[in-house]
There are 2 protein chains.
Amino acid sequence: MPRTGMEPLRRAALVDAAIAEVGVHGAHAVTVGQIARRAGVSSALAHHYFGGKADLLVAAMRQILRDFGAAVRTHLAKADTPEDRVEAVLRASFEPANFRPEVVSAWLNFYVHAQTDAEAARLLRVYHRRLHSTLLSDLRACLGAGAKEGAETLGALIDGIYLRAALGPGSPDPETAIRRAMKVFSNMKEGAHHG
Amino acid sequence: MPRTGMEPLRRAALVDAAIAEVGVHGAHAVTVGQIARRAGVSSALAHHYFGGKADLLVAAMRQILRDFGAAVRTHLAKADTPEDRVEAVLRASFEPANFRPEVVSAWLNFYVHAQTDAEAARLLRVYHRRLHSTLLSDLRACLGAGAKEGAETLGALIDGIYLRAALGPGSPDPETAIRRAMKVFSNMKEGAHHG
DNA sequence: GTTTTTATTGACTGACGAGTCAATCAAAAT
DNA sequence: ATTTTGATTGACTCGTCAGTCAATAAAAAC
């Protein structure tokens, strides 16, 4: 049933399928055939639209990063004070959608993938820089001098909580993750005042 | 030149080579041939001693975990107060040896590998539990009620700082990592005292 | 000195996966 | 009605890799 105008639909389906399958099998172990099957098309079509496996994986990563960026903007739009804005970043980071096993797993795998794929590494650096500068500008208002270090600590903490979520079943739920990170943040403010 | 008594030497060389090659290529992408070549033997010999690729990777992971455990014990032996013991754990975690690119990368890859390999997952859980209970018992002395949460936060922070080290070139050096984590720890104590 | 054990490999197999390509089918354009 | 264009795939090639096996060679045991 080749109706015209399928390309964007197929691309989207393949990217979604890639995220899900990477979550299950890992970025290296996943096969184009698995992704294509989940998307309901042949592996030849996946190659037709994306050129190769690497391009498909990069597209999947770009999608994840875009979704995350959108979530950050959405949450930031509702925040006024620097404190609210920090919490907004945390809420975006630990949104239930991001804790879906296949998403967490895909993130983790993309971190690894970035070690060997230059384009993936570039994307990840952009994401890190953006997150860092967002946190930094808000922390400056709360912490003054220690803002840079604080932003790096919070960034690392976010990733660390993520990492733990990628493993065993006893993972933290979103609310716990937010509360835990906010606690570290409020401790930072306390620490900055006297000391 | 088949001298007898080679087995333990070959096993050790293969495990070391596996760690290094996993660091370079990733757990899934690495081949038995690459590992064997680095160890200076044929791939057939690697199979002879280890049975299969999965067993070799698990052995490599076990080695990393064992090294880390030994480092923790060494540092703990020199610590008396709970505060010193927490710092000892941090020093062991962020020891320069652990920041060698291939080691960081191997850790990261094993995290991913554990998602699909049951034995790897088990090993990682054991490591997590041990680290957690060590931190927990020391934090109880400093923080009382918030010890459990504090231990989980510190554990996640350690992993997060590691994760960042696995990426771009602007990674933190060991001393910075320790200072940063200790700052979070001391903030926790402050926070526990008043309010 | 013969047998057994240990170390070691080259050569092979069997499977699987990425990527290509020519062919098919239907809608659109002419 | 014919041509062009987009969608789609089955079948194929080529490479690679895990794992096997029989053969070799030296040390050790007898």
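Listed by chain and number, the lysines placed with their C-alpha closer than 26 angstrom to that of B:LYS53 are A:LYS53; residues fewer than eight positions away on the same chain are left out.
Take every residue in peptide B:21-28, count the Cβ atoms of other chains within 10 Å of its Cβ, and give the average of those counts.
On the way: counts 0, 0, 1, 2, 3, 9, 4, 8.
Taking the mean over all residues of the peptide, I get 3.
Using just its DSSP H runs of length 4 or more, each adding -39500 (n - 2.57), the protein assembly as shown gives a mean residue ellipticity at 222 nm of -26000 deg cm²/dmol after division by all residues.
Each other copy holds its own label point for B:ALA97; taking that point as 7 Å from Cα along Cα to Cβ, the gaps run 4.5 nm, nearest first. Inter-copy label distances at A:HIS132, using a point 7 Å along Cα-to-Cβ, come to 3.1 nm with the shortest given first.
Among residues other than A:THR4 whose Cβ falls under 15 Å from its Cβ, what is the net charge (Lys/Arg +1, Asp/Glu -1)?
Around A:THR4, the surrounding residues sum to +2.
Based on Cβ point charges of +1 for Lys and Arg and -1 for Asp and Glu, what charge dipole magnitude is obtained for chain A about its Cα centre, in debye rounded to the nearest 20?
On the way: 24 positive and 20 negative charges, 70 e Å.
Dipole of chain A, to the nearest 20 debye: 340 debye.
Mind checking the mean number of beta-carbon atoms from other chains within 10 Å of the Cβ atoms in B:178-189?
Working: counts 0, 1, 5, 3, 0, 8, 9, 1, 3, 12, 4, 2.
The mean count of partner-chain Cβ atoms within 10 Å per residue comes to 4.
When you look at the Cβ of every residue in B:84-91, what mean number of other chain Cβ atoms sits within 10 Å? Provide the component values of the computation, followed by the final result.
Details: counts 0, 0, 0, 0, 0, 0, 0, 0.
Average neighbour count from other chains, rounded to a whole number: 0.
Each Cα pair under 8 Å and six or more residues apart adds its separation to the average, and for the range A:1-58 the resulting relative contact order is 35 percent. Return the FRET efficiency for the residue pair B:ARG122, A:ARG3: r is the Cβ-Cβ distance, R0 is 56 Å, and the value is rounded to the nearest 0.05. The value I calculate is 0.65. B:LEU56 sits among other residues whose Cβ lies under 15 Å from its own Cβ, and their net charge, with Lys and Arg +1 and Asp and Glu -1, is 0. For chain B, the relative contact order comes to 21 percent (Cα pairs under 8 Å, sequence separation of at least 6).
Taking 0.36 nm per residue of separation and subtracting the Cα-Cα distance, full extension of the segment from A:ALA54 to A:THR81 would add 5.6 nm.
Each value in this text was obtained by applying a stated rule to the coordinates, not by laboratory testing. No experiment lies behind these values; they were computed from the predicted model shown. Because the Cβ atoms are built from the backbone with ideal geometry, glycine has one as well, and the counts that use them run over all protein chains shown.
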